[in-house]
Amino acid sequence: MICPFCREGETKVVDSRASEDSAVRRRRECLDCGRRFTTYEKVEQTAIRVIKKDGTRVPFDPVRIRAGLEKACWKRPVSQEQMDDLINGVEAEIYDNFEKEVPSKYIGEMVFNMLREIDQVAFVRFASVYREFKDVNDFVEELGPMLREGIGA
């Protein structure tokens, strides 16, 4: 491991432990300059492709989920940690249930359902784009079950 401070290649592992997201957190010390730094090791997953509505296939990219969440959660009390947890949950679910390809609809439904539990306004924002609402009646139709369950109260 190359030291990020002095660029020497000799380091020793001072501490190692499991961290969230199936990663291993390692605290390292450079044998040349003596400074410490942390590295994370994560198993490299096989590339999963997303099957889009039009049938095209693109590599799965959690950054795209983050972009949609940031728009939906703009000016809402949703923390980065909550968004990270949602994205990590979606990613774990995909790698657990699919080997090569996943429909974009599956990803959208997972985000849709998870966001509903975090923030109802962000959920409606996301739903309006994801479900391609055409008019206010589409909003009312989507909000009906939430209002009947008393979630918005």
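Could you give the longest part of the chain that holds none of the chymotrypsin sites (Phe, Trp or Tyr not before Pro) found in DSSP loops with at most 13 neighbouring Cβ atoms within 10 Å? The reported range is 75-153.
Along the charge dipole of segment 27-153, pointing to its positive end and built from +1/-1 on Cβ of Lys, Arg, Asp and Glu, which listed residue (ILE87, ILE51, ALA67) has its Cα farthest out? Of ILE87, ILE51, ALA67, it is ALA67.
Bridgeable lysines around LYS100 (alpha carbons under 24 Å apart, same-chain partners fewer than 8 residues away excluded): LYS42, LYS52, LYS53.
Within segment 1-33, report the trypsin sites (Lys or Arg not before Pro) that DSSP leaves as loop and that have at most 11 other Cβ atoms within 10 Å. Numbers along the way, then the final one.
Numbers: sites: ARG7, LYS12, ARG17, ARG25, ARG26, ARG27, ARG28; in loops: ARG7.
Passing both the DSSP loop test and the Cβ count: ARG7.
Taking amide H positions as modeled 1.01 Å from N, with prolines and chain starts lacking one, the residues under 5 Å from GLU8 and 5 or more places away or on another chain are CYS3. When only the Cβ of Lys, Arg, Asp and Glu is charged (+1, +1, -1, -1), the dipole of segment 34-153 relative to its Cα centre reaches about 440 debye.
What net charge is computed for the residues neighbouring CYS30, neighbours being all others with C-beta under 11 Å from the C-beta of CYS30, Lys and Arg scored +1, Asp and Glu -1?
On the way: positive: ARG7, LYS12, ARG28, ARG35, ARG36; negative: GLU8, GLU10, GLU29, ASP32.
My count for the surroundings of CYS30 gives +1.
Matching the structure-derived mean projected area of the Cα convex hull in nm² against the labelled list (1) 8.7; (2) 12.6; (3) 11.0 gives the label (2).
Every number in this text was worked out from the coordinates using simple rules, so none of it is lab data. For clarity, every value in this text was computed on a predicted model and none was experimentally measured. Every residue, glycine as well, gets a Cβ built from its backbone with ideal geometry; the counts of neighbours run over all protein chains shown.
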